[in-house]
Structures are given as structure tokens and as C-alpha cells.
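A quick write-up on the structure given underneath.
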Amino acid sequence: ELALKSLGSEGLFLFSSLDTNNDLYLSPEEFKPIAEKLTGVAPISEFEEEETPDPSGETLSVVAKFQPLVMETMTKSKDGFLGISHVALSGLRNWTAPAAPMSVMLARQFKAFLPPKNKVDLGDPWWIIPSELNIFTGYLSNNRFYPPPPKGKEIIIHRLLSMFHPRPFVKTRFAPQGAVACIQAISTFYYTIAFRIHAEFQLNEPPDFPFWFSPGQFTGHIILSKDSSHVREFKLFVPNNRSLNVDMEWLYGASESSNMEVDIGYLPQMELESTGPSIPSVIHDENGNVIDSRDPSGEPIQFVFEEITWQQEIPWEEAAQKLEVAMYPFKKVSYLPFTQAFERAKAEKKLVHSILLWGALDDQSCKHNKLLSASLPMPGSGRTLRETVLERSPILALRNESFISSWSLVKELEELQTNRENEFYSKLADLHLEKYNFPVEMIICLPNGTVVHHINANYFLDITSMKPEDVESSIFSFSTNFEDPSTATYLQFLKEGLQRAKPYLQ
């Protein structure tokens with residue numbers, strides 16, 4: 001109360017965003033973001049002090065490519081952003097180019113991507129940055145403007161993402177956090193490492209309220225020597241193959257419980273790529289003498305690199321799927337694209353278990369699937385489903401046995417619905433959208449698209465949070481075989497779908 005009286009609500013909001021341990025005292029480390037902002041001088045990080053360039057070390061040039069979010073893809077653009085202040089979106093509108101179009105880094109900094117000694121098999125994933133959150137631990141505060149200082153393996157990822165924007169948060173507010181990797185290819189001296197990173201950016205600064213920009217994922221690969229002295233190739237990017245790939249959330253008040261707006265949109269390009277292999281920062285001749293990096297005519301010396309012969313490798317798609325399952329255990333069941341799911345169901349005489357939602361189920365653009373009018377904290381229903389029932393063993397087993405699974409964006413089915421080139425696909429989309437209610441609908445249907453059962457995620461979460469005796473409807477009965485009512489109820493939903501489909505399948 002004294003702090004509120006002294007600072008006012010907005011002043012206390014800013015103070016709280018810096019007071020990371022909530023002790024009502026700002027340590028020098030907590031005050032550092034403000035000091036850097038006021039002085040314009042950023043101190044040399046501990047990492048840079050420790051990693052002074054080795055005269056014989058190599059450097060890697062990395063370029064950033066960025067096309068800003070297409071504002072017209074945001075849902076709120078349909079009514080001209082009515083009721084949304086220009087200030088709230090200022091950080092988003094002003095972000096039109098990468099913060100650093102090019103950066104030169106030490107090759108040895110990429111050592112963080114090398115596998116631990118017990119993870120040298122193809123496709124065996126490990127955590128570069130472990131996820132510290134789950135459905136039980138909750139989430140990190142929305143009331144923050146400045147990222148905590150990165151530590152250990154977070155440092156290289158923080159530095160890479162800082163090329164896009166000065167305020168990257170290497171650890172997202174929601175699970176699954178972190179970065180996961182696996183070996184895609186092995187040679188005598190090199191690895192190709194595939195990786196996936198979940199990170200987000202804070203686009204606003206005081207006195208504005210926080211605006212969180214969360215790409216669905218960053219993915220990519222690096223080819224580096226096993227001793228990390230040489231990087232042959234590096235690429236990191238946000239996938240743009242879906243019609244929506246970024247979640248955005250912004251606060252409307254000076255407290256953690258303030259109302260939050262959410263939206264989703266499309267980012268055409270966000271990528272980092274090496275301009276070529278890493279090269280020595282200092283060149284020596286055969287006698288060990290330092291020589292000029294340019295030849296007598298003034299042209300840069302051209303380096304010739306040996307061709308890498310890969311002894312073992314797996315396709316990129318397989319490596320990406322391994323990383324996806326590591327992040328999302330519910331993906332142990334294959335999810336096929338919408339139209340393919342019905343073709344497979346027809347061939348295998350199975351039902352389709354389909355999830356229809358506003359944002360992607362298998363990346364960080366899903367967490368916004370919550371009621372727009374709700375105040376935080378409130379978990380997204382899509383996120384809650386994937387972190388609970390969809391990854392439970394009984395659910396995985398029954399779906400593997402009797403269903404073909406798929407998930408789809410509402411926007412994509414709306415486009416498919418209006419596509420008259422294939423009337424069957426259009427009808428499938430139409431039957432799905434007839435049953436859809438915001439934010440997430442789980443649907444069981446026949447291979448011809450006929451819906452035999454469906455349930456809205458919010459309703460499902462509501463009834464499974466109640467005591468069994470309080471549930472009026474007998475549509476979903478609770479089983480005593482499972483302690484977790486949500487698992488029992490979802491299992492019942494699937495079994496009732498199978499039962500209802502029997503007359504059609506006979």
C-alpha cells in the first residue's frame with residue numbers, strides 16, 4: 001500500500017516489472033535495464049569477457065532477414081482495430097526491420113548446439129535449454145519489459161534472437177519453454193544438428209503496457225565440427241507454411257490481473273542465415289607467420305573447404321518430428337493434414353479424431369486459445385488439452401488403435417470451404433465448421449465427414465474441473481479406473497464416438 005501511495009498504479013506497475021524477486025527492493029542487477037536505457041551504454045557481458053577471441057579462432061557472419069507482421073491477418077483488423085489504442089500497437093507497427101541486419105560471431109560460441117556425450121545417435125533429442133514449466137507450475141509473469149540476463153547456453157540464442165529485436169525472452173511465459181535439438185547427420189569430423197526454439201519478444205517499453213510477440217517456433221539447423229572450431233552452415237527461421245504463425249498478447253492496465261487482448265497473425269519472414277562457412281580471424285602461412293587477409297591485388301583471400309561426406313543421416317522431416325514430440329508428447333500420435341486424414345481413414349476403415357482451433361495446436365501460437373473477454377490468469381484451452389489429456393497413455397493408445405488424428409486452423413477450413421475445385425473437400429470443411437464453437441472444438445467423424453460426436457474444449461474443461469456428482473449431464477460419465485477425471489472423460493468421449501459410429505460402419 002505504501003508503494004502504491006508513493007508511486008501510483010502505473011509507477012508501481014513499472015517498479016514491479018523490474019523487481020523480479022518481489023522483495024520491493026531493486027538490486028543493481030534488476031535496475032540494469034533502466035540504467036542501460038538512460039545512459040545508452042550496455043556493459044560487456046560476462047560471456048564476452050570470458051570468450052575473448054582466440055587469435056586462431058574462426059568467425060561466422062550471420063545476416064538477418066525480416067518482413068513485418070501482415071496487419072491485415074490479425075482478427076482485429078476486420079473492424080479496423082476498433083477500440084484498440086494506437087499506443088498499444090505502436091511497438092508492433094514500428095518493428096519493420098531487424099535490429100541488427102548483420103553480426104559477426106565466434107564459431108566457438110555455437111558450441112552450445114553440440115550434443116552431450118550420451119546423445120550421439122541420430123534423432124535422439126536433448127535439451128539445449130530445458131523447459132522449466134508445465135501445466136502444474138503455471139506460467140511466468142506477463143508484467144515484464146526487460147529480459148533477464150541470459151546464462152550458459154542461453155547466451156548464444158539470446159544473441160542470435162537479439163538480431164531481430166533488442167528484447168528477446170529466451171524462456172517463454174508458457175510451456176513448453178526452451179530449446180531442443182537432435183543430430184540429423186554424422187560424418188568423421190562434423191554433425192548436422194536440427195533444433196527447435198520457443199522464445200518470444202517484448203515489443204513495448206514503459207510508459208506503455210507490455211505487448212508480447214510470440215512466434216509459433218524457431219527452427220533450423222547447424223553444420224559444425226565436433227570440436228566447435230568451425231561452422232560450415234547455420235540457419236534459423238520461423239516457419240511460414242501456415243496461414244497464421246504468431247501469437248500476440250497485450251495488457252490494458254497496470255497490474256498482473258489487468259485485462260489482456262489476444263490476437264494472432266501472419267509473419268512472412270523471420271530468419272537468420274550464415275553468409276558462408278566460418279573463417280579464421282587471423283591467417284597464418286605454413287611457417288606460422290601472420291599474413292594479410294588480402295592477396296597482392298587487394299582481393300580477399302578465398303578459402304577452399306573440404307567436402308563433407310556424411311556417413312549417417314536422417315531426413316529433415318524425421319528430425320523435425322523428433323523435436324516436435326520432445327516438445328509435445330501428445331504428438332506421439334501422428335496428426336495428418338485435414339484432407340489426408342479422411343483419405344487415410346477411408347483406407348484403414350477408421351474414424352477421424354479432429355481438433356479445430358483458432359491457432360496452431362503444435363506450436364506457441366496456440367496458447368492464445370482462451371476466451372477473449374477473460375482476464376489473466378487463465379490457461380488457453382488448446383494449450384491445456386495438449387499438456388493433459390492428449391498426451392495421456394490411455395488416450396494415445398485408443399486413438400492409435402481406432403482413429404486417424406488431425407488438427408486444423410479455422411481460417412484454413414474457411415478457405416477450403418469456399419474452394420469449389422474439389423466439392424468433397426469443401427463439404428468436409430463445411431461439416432466441420434457447422435460444429436465449431438470458439439475457441440477449440442474436438443470432433444469425431446466418419447471418413448465421409450459426417451460428424452458423430454463433438455465437444456467444445458471450454459465445456460470439457462469446465463465439466464472435468466467439477467466434482468462428478470455436480471455434473472448434471474449424463475453425456476460424459478466418470479470412470480473409476482482413472483484418478484484423473486479429464487482423462488476418464490476424454491476416453492469416454494472417444495468411446496461414445498466409436499459407439500455412435502457403429503450404425504454407419506455396419
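Couple of notes before you dig in:
- Ligands, DNA and RNA aside, Y335 has an accessible area near 30 Å² when probed at 1.4 Å.
- Taking every protein chain into account, the 1.4 Å probe leaves E401 with about 130 Å² of accessible area, to the nearest ten.
- Full-extension gain in nm, V282 to L24, via 0.36 nm per residue minus C-alpha separation: 87.9 nm
- Spacing of the two label points (7 Å from each Cα toward its C-beta) at R500 and M71, in nm: 4.4 nm
- Phi-based couplings in Hz for the stretch 486-493 (Karplus 6.51, -1.76, 1.60; Gly and Pro marked x): 5, 5, 4, 6, 5, 4, 5, 4
- Considering only alpha-carbon pairs that sit under 8 angstrom and 6 or more positions apart, the relative contact order computed for the stretch 58-325 is 24 percent.
- Taking all protein chains together and a 1.4 Å probe, the residues H453, H86 rank H86, H453 from largest to smallest accessible area.
- Ranked from largest to smallest solvent-accessible area, with a 1.4 Å probe on the protein heavy atoms, D19, D121 come out as D121, D19.
- Whichever lysines have a C-alpha closer than 25 Å to that of K5, once near sequence neighbours (fewer than 8 apart) are set aside: K32
- Measuring between alpha carbons in the structure, the pairs from K76/K171; K117/K331; K65/K427; K76/K111; K111/K411 lying more than 32 angstrom apart are K65/K427; K76/K111; K111/K411.
- Solvent-accessible area of K427 with every protein chain in place, 1.4 Å probe, in Å² to the nearest 10: 100 Å²
The values are calculated or read from the model by the stated rules, or taken from the named source; none is laboratory data. All values derive from a computational prediction rather than experimental measurement. FYI the Cβ positions are ideal-geometry reconstructions off the backbone, even for glycines, and counts take in every protein chain you see. Only protein heavy atoms, including side chains, enter the accessible area calculation; ligands, DNA and RNA are left aside. Shrake-Rupley method; radii C 1.70, N 1.55, O 1.52, S 1.80 Å.
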